[in-house]
Amino acid sequence: MPKDFLSLADWSPQELRGMLARARELKNLLREGQRPQTLEARCIALFFEKPSLRTHVTFEAGVTQLGGHAIWLRPDQVGVGTRETPADVAANLSRWLDGIVARTYRHALLEEFAEAAEIPVINALTDLLHPCQVMADFQTVAEYGPLESATLAYVGDGNNMANSLMLGAAVLGLTLRLGTPESHRPPASLRERARLLSEQSGARISWSEDPSEAVRAADFVYTDVWASMGQEGERESRRAIFQPYQLNADLMRGAPDARVMHCLPAHRGEEITDEVLDGSRSIVFEQAENRLHAQKAILEHLLLRKA
């Protein structure tokens, strides 16, 4: 079993399904007023280079609900790369804490933390991958029926969300259609990794430059912002490229029974219209709620494996 939770591609289908099952259980327990103190006296660092609402709140709340304590580390306080090297930071934290949750721009920085740390490192988002979000997404989809029978469609930018959905689908053997411009497909290296994983799992992953083809008769239609954090200067140029991929009423007519997904925050009126985001088929806030439970399951899986 991997020490860290950096990419869904690092895990077996059985391990991911086990975490998803535990996430459902933890959600039910919380609704019944039960908060198992499985992480009692455990301390977790939260290191966030990027702004965050859902990820920060759900990790800190999740650690607390499980009986642990989260310590928020500001980038200017830590000074990674200026005051200390990433390896030295990870080595220090390993002597004091039980885990590190890191949200960074460069995926390579997260990998440096993981290589040097003796404690688990969890990917809370990088420019390349967002695996915790996809675990919550899959938990949400599974609440409507078996994952294996669902057809997911993703339209828009081939960003960290598209990358992680693709890898997660490849591991678990799901059906995923990606609708992106040719110029903004997920990286070739990740597409090849997904292809190899799909050969083992039987996943059905396809791509089209036509968003209508991607969403046709899908059970779930997913989108994300066109300009991610760090790409604000490209917002206008990206708006022109991605306008045909807007999740609006016209596009959704091709998937009349589909539920709408978005990892949030949403740029209303850009990648998705208010009508669709606030409509009766939208499950975006269910996804957001499940971040709490999925991440609690991930924390337990990593921190309790030697207990």
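Throughout, read-outs are computed from the coordinates displayed, never taken from laboratory work. Note that the structure is a prediction, hence the values are computed from the model and not measured. Reconstructed Cβ throughout: ideal geometry from the backbone, glycine too, with neighbour counts over all protein chains shown.
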Q) When the Karplus curve 6.51 cos²θ - 1.76 cosθ + 1.60 is applied with θ = phi - 60°, which whole-Hz ³J(HN,Hα) does each residue of region 109-122 get, with x for Gly and Pro? A) 5, 4, 5, 5, 4, 5, 5, 8, 7, 8, 10, x, 10, 10
Q. Magnitude of the Cβ-charge dipole of the chain, K/R +1 and D/E -1, about the Cα centre, nearest 20 debye?
A. 600
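Packing-wise, with mean Cβ within 10 Å as the measure, how do 30-36, 183-189 rank, highest first? Display every interim value, and only then the final one.
Numbers: 30-36: 10.9, 183-189: 13.4.
Put in order of decreasing packing, that is 183-189, 30-36.
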**Q.** Neighbour-count ranking [beta-carbon atoms within 10 angstrom, fewest first] of His293, His107
**A.** His107, His293
Q: Before rounding to the nearest 500, sum -39500 (n - 2.57) across all DSSP H runs of length at least 4 in the chain and divide by the residue total; then give [θ] at 222 nm in deg cm²/dmol.
A: -13000 deg cm²/dmol
Q: Step through the residues of region 178-187 one at a time and calculate ³J(HN,Hα) from phi using the Karplus curve (6.51 cos²θ - 1.76 cosθ + 1.60, θ = phi - 60°), rounding each to whole Hz and writing x for Gly and Pro.
A: 9, x, 9, x, 3, 6, 10, 6, x, x
Q. Any idea what log10 I(q)/I(0) is at q = 0.24 Å⁻¹ for region 141-251, Debye with uniform C-alpha scatterers and no solvent?
A. -1.35
Q.
Cut-off is 10 Å between beta-carbons; in what order do Arg259, Arg17 appear when sorted fewest neighbours first?
A. Arg17, Arg259
Q: Report, as a whole number in µm² per second, the diffusion coefficient that Stokes-Einstein gives for the chain at 25 °C and 0.890 mPa s using the Kirkwood radius over alpha carbon pairs.
A: 125
**Q.** Likely footprinting exposure, Trp72, Trp226, Trp96, Trp207, fewest C-beta neighbours within 10 Å first
**A.** Trp96, Trp72, Trp207, Trp226
